[in-house]
Amino acid sequence: MQRFFLNQPIEDPQSIVIKDKDIIKKITKVLRKQIGDTIFIFDSANEEFEVQIIHMAEKEIVCRLVNRVEIDRELPIEINLYQALLKKDKLEWICQKVTEIGIKSITPIISENCVVKDLNSNKAKRYQKIIEEATAQSGGKIPTAFYKIKNFEEVILGLKQNELNLIAHEDERQNKLFDILNEKRVNKINILIGPEGGFSQDEINLALRNSVVPVSLGKRILRAETAAILASGLIALSH
Ligand code: SAM
């Protein structure tokens, strides 16, 4: 099933104009779609449509509505991931995987032990594209939000006390994520995952002073990207 995210609300379902060059290339060159073929489109108003191609040109493809798609594959719980910046393309990989899982948002953060200290706009744009493609592939309607970078302290001080705020910490021995999820029935969870060098003890102490709950993901030391996927998946499946 070919699904495409149009980052614009669809005004006239009888004349849906696609101008995104990547989507046009995929429809014409990769999928070799013809006039009369159908595809699925979801838009920034969280609507999804089955549409039929009625016109194809180099710079635009026009479709008309066949029917509205009512399938809802969104999670019943809102998960917000606060991910410390990582080296190479690990954050790109995390964006794709946690979007497939259906989390609500990713906020890149800078913590003391981050080797990478900034995120340029080209990378942010690439992550946005990966998120849109992963949403389309996984059947989601609402692309995961990718927010501006924040520093660790700003995140901790900005967390709401009435939400379940977790920090994944490999030295935590009491609180297992699995048990916390069984104890607390909530509909919104914020979770922080550290960088390759982990969170500093000062950062863990600041989190504790602000009622952020340290959680263990087991006795093994996971790579940050493994921890992000495991935590997101466990939370998603706990509801
Ligand atoms: N300080 C670690 C070490 O000794 O190698 C490295 C940190 S680990 C590579 C990166 C992040 O993944 C950590 O900051 C933590 O958020 C998360 N993490 C890894 N293993 C974990 C575990 N068993 N329980 C909870 N969080 C874990």
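Can you tell me how segment 102-177 classifies by the Cα gyration tensor, rounded, prolate or oblate, using a/c under 1.5 as the rounded cut?
oblate
If we sort 127-134, 64-71 on the protection proxy, mean other Cβ atoms within 10 Å, highest first, what's the order?
Peptide ranking by packing, descending: 127-134, 64-71.
Using the beta-carbon distance between GLN2 and ASN182 and R0 = 30 Å, what value does 1/(1 + (r/R0)^6) give for FRET efficiency, to the nearest 0.05?
Step by step, r from the Cβ atoms, then E = 0.15.
When a/c is below 1.5 the answer is rounded, else prolate if a/b is larger than b/c, else oblate, so apply that to segment 20-103 with a ≥ b ≥ c taken from the square roots of the Cα gyration tensor eigenvalues.
Oblate, since a/c reaches 1.5 and b/c is not below a/b.
What does the highest-first list of 186-197, 11-22 look like by mean Cβ count within 10 Å?
186-197, 11-22
Give, rounded to the nearest 20 debye, the magnitude of the charge dipole that segment 78-237 has about its Cα centre when Lys and Arg contribute +1 at Cβ and Asp and Glu contribute -1 at Cβ.
Magnitude of the dipole: close to 340 debye.
Antiparallel DSSP bridges in segment 1-94: what percent, to the nearest 5?
Taking every DSSP beta bridge with both residues in segment 1-94, the antiparallel ones total about 80 percent.
Given labels modelled 7 Å from the Cα in the Cβ direction, how far is it in nm from ILE142 to GLU74?
Using points 7 Å along Cα→Cβ, the separation is 0.3 nm.
LYS25: which lysines have alpha carbons under 18 Å from its alpha carbon, excluding same-chain residues fewer than 8 sequence positions away?
Counting by Cα, and skipping residues close in sequence, LYS25 has these lysines nearby: LYS33, LYS59, LYS129.
Quick one: what are the phi-derived ³J(HN,Hα) couplings along segment 181-193, Karplus 6.51/-1.76/1.60 with θ = phi - 60°, whole Hz, x for glycine and proline?
5, 6, 6, 10, 8, 10, 10, 8, 10, 10, 10, 9, 10
Taking the highest mean first, how do the peptides 164-172, 86-94, 147-155 order by number of other beta carbon atoms within 10 angstrom per residue?
Answer by packing, highest mean first, reads 164-172, 86-94, 147-155.
Give me the net charge for the shell around PRO9: Cβ to Cβ below 9 angstrom, other residues only, Lys and Arg +1, Asp and Glu -1.
Charge balance near PRO9 sits at -3.
What length, rounded to one decimal in nm, is gained on full extension from ASN67 through to ASN205, with 0.36 nm per residue of separation minus their alpha-carbon distance?
44.3 nm
Calculate the radius of gyration of the Cα atoms of the chain to one decimal place, then report Dmax, the largest Cα-Cα distance, as a whole number, both in Å.
20.1, 61
Local charge sum around ILE27 (other residues, Cβ-Cβ under 9 Å, Lys/Arg +1, Asp/Glu -1)?
Net charge around ILE27: +4.
In Å and on Cα atoms, what radius of gyration and Dmax does segment 110-239 show?
Just the Cα atoms of segment 110-239 yield Rg and Dmax of 15.3, 41 Å.
Using only the Cα atoms of segment 165-239, build the gyration tensor, take square roots of its eigenvalues as a ≥ b ≥ c, and label the shape rounded, prolate or oblate: rounded if a/c is under 1.5, else prolate if a/b is larger than b/c, else oblate.
It comes out oblate by the Cα gyration axes.
Once the dipole of segment 1-85 is set up with Lys and Arg at +1 and Asp and Glu at -1 on Cβ about the Cα centre, which of ASN7, ILE39, THR28 lies farthest towards its positive end?
In segment 1-85, that residue is THR28.
No value in this document is a laboratory result; all are computed from the given coordinates. Being a predicted model, the structure only gives us computed values, none of them experimental. Note that each Cβ is placed from the backbone with ideal geometry, even for glycine, and that neighbours are counted across all protein chains shown.
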